[in-house]
1. When the residues of the range 173-183 are narrowed to those that are open to solvent by 30 Å² or more (accessible area, probe 1.4 Å) and either basic (K, R) or within 17 Å of the chain's Cα centre (by Cα) (or both), which ends up nearest to V85 (Cα to Cα)?
2. Show me the helices (runs of 4 or more DSSP H) entirely contained within the range 42-161 in which 1 or more residues are open to solvent by 20 Å² or more (accessible area, probe 1.4 Å) and either among the small types (G, A, S) or more than 23 Å from V27 (Cβ to Cβ) (or both).
3. Counting only residues that are without any contact (Cβ under 8 Å) to a residue 12 or more places away in the chain and among the charged types (D, E, K, R), which one in the range 115-163 is farthest from G72 (Cα to Cα)?
4. From the list A89, A93, A63, A77, which one is modelled with pLDDT of 95 or more, within 14 Å of the chain's Cα centre (by Cα) and within 25 Å of W139 (Cβ to Cβ)?
5. Just one of S11, S20 is over 15 Å from P87 (Cβ atoms), surrounded by 17 or more Cβ atoms within 10 Å (Cβ to Cβ) and among the hydroxyl-bearing types (S, T, Y); which is it?
Amino acid sequence: MPLDRDQVLRSAARLLTHKSTATMDEVARAAGISRATLHRHFAGRDALVKALERLGIQEFEGAVRAAALDEGTSEEALRRLVAAVEPSAGLLAFLITENQLFEGDQVDDGWSRLDAQVSAFFRAGQERGEFRIDLTPAWLTEALYGLVSSAAWTVQTGRVAPQDFTHMVAELLLGGVRRSVQP
């Protein structure tokens, strides 16, 4: 029976988002395959993480498309983006932490492309007067990633309910990003 690479990656993602220090043996067990089979497809942890990174980029790109960031108000679009990212938030949280190990040309260009799209969204909200202008779009992008990661970890540890994810992230970010009108 041929190996379902996507199933192996999703099993690895589920495990690593809950236990980022899991060994390759543990990843293989979680995927229901032998360690030797896992190593035939992923030469080591770095190769597995790179494959997970491609999956994360693919899922985040899908979330950005599904959020239709250019439709409606910036606030509505941000809520859609957070809701669309939620299913893969654990994987993204893992990758954000793991990517600190990679530098320079080892970082996939997909992240830069996504950063540019999200930053452009925040810039457009600023230009429409919906988001505050004293914070750079790059910082707002990083704040979004940080809140998504923190919410994913908090949900995973059981300290907050999964159904609160979108509300927690959107409300905290919007509370800080929304432009207030001076009386």
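1. Only one residue tops the list, namely R178.
2. Qualifying helices (runs of 4 or more DSSP H): 45-67, 74-85, 109-127, 137-156.
3. Residue satisfying both the conditions and the ranking: R159.
4. On inspection, the qualifying residue turns out to be A63.
5. Answer to the selection: S11.
The values are calculated or read from the model by the stated rules, or taken from the named source; none is laboratory data. Values in this document were obtained by computation on a predicted structure and should not be read as measured data. Methodologically, a virtual Cβ is constructed for each residue, glycine included, from the backbone with ideal geometry; neighbour enumeration extends over all protein chains shown. These area figures cover heavy atoms from the full protein model, side chains too; ligands, DNA and RNA do not enter into them. Shrake-Rupley method; radii C 1.70, N 1.55, O 1.52, S 1.80 Å.
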